[in-house]
Amino acid sequence: MNTLTDAVPDSIPQARASTAAPTAPVRPLYWSLRRELWENRALYIAPLIVAALVLFGFFVGVGHITSDVNRIQIDPDKRQAVTAIPYAMAAIAIMVTGFVVAAFYCLGALHNERRDRSILFWKSMPVSDLKTVLVKASVPLLVVPVILFAVIFAVQLVMLAVSAMVLLPSGVRFATLWTQWPIFRMSVVLAYGLMTETLWYAPIWGWLLVVSAWARRAPFLWALLPPIGVIIIELFAFGSGHFAHFLGQRLGGGLDAAFSDTGSHQAMVDMAQIDPARFFGSLDVWGGLVVGAGFLAAAVWLRRTRDPV
Amino acid sequence: MACIEARGLRKAYGATVAVDGVDLTVQEGRILGLIGPNGAGKSTALNAILGLTPFQGELKVLGLDPWRQRDELMRDVCFIADVAVLPRWMKVSQSLDYVAGVHPRFDRAKAEAFLAKTSIKRTSRVRELSKGMVAQLHLALVMAIDARLLVLDEPTLGLDLLYRKSFYDTLLNDYFDHSRTIVVTTHQVEEIQHILTDVVFIDGGRIVLNRSMDEFEAHYAEVMVRPEDLAAARALGPIHERAVFGRSILLFDGVDHAKLAAFGDVRTPSIADVFVALIGGAHAQGVAA
C-alpha cells in the first residue's frame with residue numbers, strides 16, 4: 001500500500017512534465033518570426049509607404065487616365081493595355097521596394113545581432129542556429145512575398161474602385177469595367193510572378209545572409225566587393241564579361257525564366273504567359289536553389305562558430 | 001550527478017592558449033564563483049560549457065556534450081553573458097512574449113511578478129532603460145526559466161552598488177533552491193563571497209585554486225600581527241603579507257588556527273585577499289579583484 005501511495009504523487013508531476021515539455025515545434029518558429037518583424041518593421045512599412053505614394057499619384061492623375069481610355073475606346077486590345085499600365089507600374093514599384101528592403105534585411109539579419117551582442121541573448125534561448133537561420137531566410141522567401149502580394153492586391157483594388165467611381169457616371173457599364181480591368185487575373189499573375197522572382201533570387205538572399213553572418217563590419221561593402229572584383233579581374237585578365245553577364249541574368253532574368261514570350265508587346269505579362277513548366281524545368285532555377293541552400297548551410301555554420309563582433 | 005565535468009579542457013585561439021588543461025567538477029546544487037584576472041580564460045571556459053565554442057578535451061554538462069548537443073542542452077541551461085545584451089529595439093512586453101514563445105520552461109507569471117517589484121514599464125523599449133534596469137529585466141526573464149544550470153558571466157559589470165546588491169540578493173532568495181547550479185564570474189568578488197558554496201581561481205588558462213567555501217574557511221586564515229610578534233609569525237610561512245595602518249596582516253594557508261591566535265585575532269580572509277596572494281604576485285602589478 002505504501003509503495004502505491006508514494007508512487008502516486010511522484011507520477012503526477014512526471015506526467016505533467018512530459019505533456020508540457022514538448023511544445024508544438026512550430027511555436028518557437030512562429031515567435032522567432034514575430035521577433036524578426038518586431039525588429040524590422042521596414043519590411044512592411046516601406047511597401048506601405050510606396051503604396052500610399054502610388055495611390056496618391058493615381059488619385060491626382062486619375063482624370064488623365066480616364067480621358068486617355070475614352071480616346072482610344074475604339075481598339076479594345078489597345079485599351080486594355082493602356083488601362084493596365086498604372087496597375088502594372090504600381091505592382092512593380094511596390095515589388096522593387098519590397099525586394100530592396102528584403103535585401104537590406106538579409107544583410108543585417110545575422111550581422112546586427114553580433115554587433116550589438118544581442119546574439120548572446122538569442123543563443124541563451126533553446127532556438128538552434130539552424131532554426132534561427134531558416135526563420136531569417138523565410139523572411140525574404142515567404143514573408144516579404146506575402147506582404148507584397150497583400151499590399152499590391154489592396155492597392156490595385158482601390159485603384160479599380162476609384163476608376164469605377166470616375167468612369168461609371170460617364171456611362172461605362174460595370175461589367176465592361178470588370179472585363180477591362182482583369183484584377184483577379186492580374187493577381188494570379190502577380191502571385192506567380194512574386195513566387196518565381198523570390199525563388200529566382202534564392203542565391204542572392206543566401207549570399208547576403210552569408211555575408212551578414214561572416215562580415216565583422218560593413219556587410220554591404222562585403223556583399224558587393226567580391227562580385228565587382230571578379231568582374232574587374234575578368235575584364236582585365238581575359239577582356240571578357242561572362243561573369244557580369246551571368247550576374248545580370250540572375251538579377252534581371254527572373255521574368256524571362258517564369259513567363260513564356262508570346263511575342264506580344266504588352267506592358268504587362270498576362271495569364272497566357274504563365275509558364276510553370278518552363279520555370280521549374282529550368283536548370284538555372286534549380287542551380288540557383290542549390291547554391292542558395294549551400295549559402296544557407298554556410299550561414300548556419302558561421303552563426304555557430306563566429307564570435308560577436 | 002555532476003552538473004559540470006571537465007577533464008583536460010583546452011581551447012586555443014591560434015597560438016594563444018585561452019584554457020590550458022582544466023579539470024573541474026561542479027556538483028548539482030552548488031554556487032560556484034569563477035574568479036580570475038582579465039584574460040585568464042574565464043569567459044572561454046564558460047563559452048565551452050555553454051556550447052558557444054568548440055574545445056579540446058572532455059567536457060560534459062548535465063551529461064551532454066555542450067558543443068555537439070547544444071540544442072538539447074539549452075533547454076536545461078540558461079545564461080547571462082555580459083550586461084545589457086538584450087536587444088535594444090525590443091519592448092519589455094515583447095521580451096516576455098518572445099521568451100514565453102520559445103522557451104518551454106518559462107513561467108511568465110513569475111517574470112511578471114518580479115518585474116512588478118521594479119520600476120520597469122511594459123511599454124518601454126530596452127534602449128530607454130538604464131543599464132541597471134536592463135540587468136533587472138534580463139534577470140527577471142532568466143529567473144522565470146526553470147533551468148538546471150545558470151551561468152552568469154559578469155552579469156553586473158558597470159552597475160552601481162545598489163543594483164549589484166539587489167541582483168545577487170534576488171538571485172539567492174528567489175531563484176536558488178539547492179537543486180539548481182549557478183556558476184558566476186565577476187570582478188566584484190567581495191560582493192558574492194557570502195552567496196558562494198565553491199570558489200575556483202583561474203589564471204593563465206589554468207586552475208590555481210578549487211575549493212568549497214567550507215574548505216576555504218578552514219584553510220585560509222588572516223591575522224593582524226603585533227610588530228613584536230612579526231618574526232615569529234613569519235616563521236610559520238605566510239603566503240602573503242600586507243600592511244594596513246602600519247600593522248602587518250599575514251595570510252596563512254593550512255596553519256593551525258590555534259597557533260595563529262597567539263599573534264592576534266584570527267579571521268577568515270576575503271576571497272579578494274587570497275586572490276591577490278595567489279595570483280597578484282604572478283602579475284607584476286596588483287590585479288583588480
Notebook entry, point to check: How many square angstrom of accessible surface are buried between B and A, both sides summed, with a 1.4 Å probe and rounding to 100?
Noted result: 2600 Å²
Notebook entry, point to check: Is there a pair in B:K91/B:K131; A:K131/B:K121; B:K11/B:K91; B:K60/B:K131 whose C-alpha atoms are over 26 Å apart, and which pairs would that be?
Noted result: A:K131/B:K121; B:K11/B:K91; B:K60/B:K131
Item checked: For B:A18, distant residues with modelled amide H under 5 Å away -> B:K11, B:A12, B:Y13
Notebook entry, point to check: So how much accessible area does B:F176 have, in Å² to the nearest 10, using a 1.4 Å probe?
Noted result: 30 Å²
Notebook entry, point to check: For the stretch A:204-217, what does the Karplus curve 6.51 cos²θ - 1.76 cosθ + 1.60, with θ = phi - 60°, yield as ³J(HN,Hα) per residue in whole Hz, taken in order and with x for Gly and Pro?
Noted result: 6, 4, x, 4, 5, 5, 4, 4, 4, 7, 9, 5, 7, 8
Notebook entry, point to check: For the protein assembly as shown, what does -39500 (n - 2.57) per DSSP helix run (n ≥ 4), summed and divided by total residues, give at 222 nm, in deg cm²/dmol to the nearest 500?
Noted result: -16500 deg cm²/dmol
Next item on the list: Could you order B:H178, B:H194 by accessible surface area, starting with the largest, using a probe radius of 1.4 Å?
Entry: B:H178, B:H194
Item checked: Under Karplus coefficients 6.51, -1.76 and 1.60, residue-wise ³J(HN,Hα) of the stretch B:75-81 in Hz, glycine/proline x -> 6, 10, 10, 9, 8, 10, 9
Note to self: Nearest 5 percent is fine: what portion of the DSSP beta bridges confined to chain B is antiparallel?
What the structure shows: 65 percent
Next item on the list: Using amide H atoms built 1.01 Å from N in the peptide plane, name the residues 5+ places from B:C3, or on other chains, whose amide H lies under 5 Å from its own.
Entry: B:V26, B:Q27, B:E28
Next item on the list: Mind jotting down the three principal axis lengths of the protein assembly as shown based on Cα atoms? Whole angstrom, largest first.
Entry: 120, 72, 55
Check: Tell me, which residues of the stretch B:77-92 get at least 40 Å² less accessible area when the other protein chains come in, versus the chain alone (1.4 Å probe)?
Finding: B:F79, B:V85, B:P87, B:W89
Item checked: Karplus-derived HN-Hα couplings along the stretch B:47-64 (A = 6.51, B = -1.76, C = 1.60, θ = phi - 60°), whole Hz, x at Gly and Pro -> 4, 5, 4, 8, x, 8, 8, x, 8, 10, x, 9, 8, 10, 10, 6, x, 10
Next item on the list: Keeping the other protein chains in place, figure out the carbon and sulfur percent of the accessible area of the protein assembly as shown, with a 1.4 Å probe.
Entry: 62 percent
Notebook entry, point to check: Considering only DSSP states other than H, G, I, E and B, which trypsin sites (Lys or Arg not before Pro) in the stretch B:1-90 qualify as loop sites with at most 13 other Cβ atoms within 10 Å?
Noted result: B:R68
Next item on the list: Might you tell me the accessible area per residue for the protein assembly as shown, computed with a 1.4 Å probe and given in Å²?
Entry: 47 Å²
Note to self: Looking only at the protein assembly as shown, where both bridge partners belong to it, what percent of the DSSP beta bridges are antiparallel (to the nearest 5)?
What the structure shows: 65 percent
Margin query: What are the extents of the Cα atoms of chain B along their three principal axes, in Å, largest first?
Written below: 67, 43, 34
Next item on the list: Using only protein heavy atoms and a 1.4 Å probe, report how much of B:T25 is accessible, in Å² to the nearest 10.
Entry: 50 Å²
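The values are calculated or read from the model by the stated rules, or taken from the named source; none is laboratory data. None of the values given here were measured: they were computed from a predicted structure. Because the Cβ atoms are built from the backbone with ideal geometry, glycine has one as well, and the counts that use them run over all protein chains shown. Heavy atoms of the whole protein, side chains included, go into the accessibility calculation; ligands, DNA and RNA do not. Shrake-Rupley method; radii C 1.70, N 1.55, O 1.52, S 1.80 Å.
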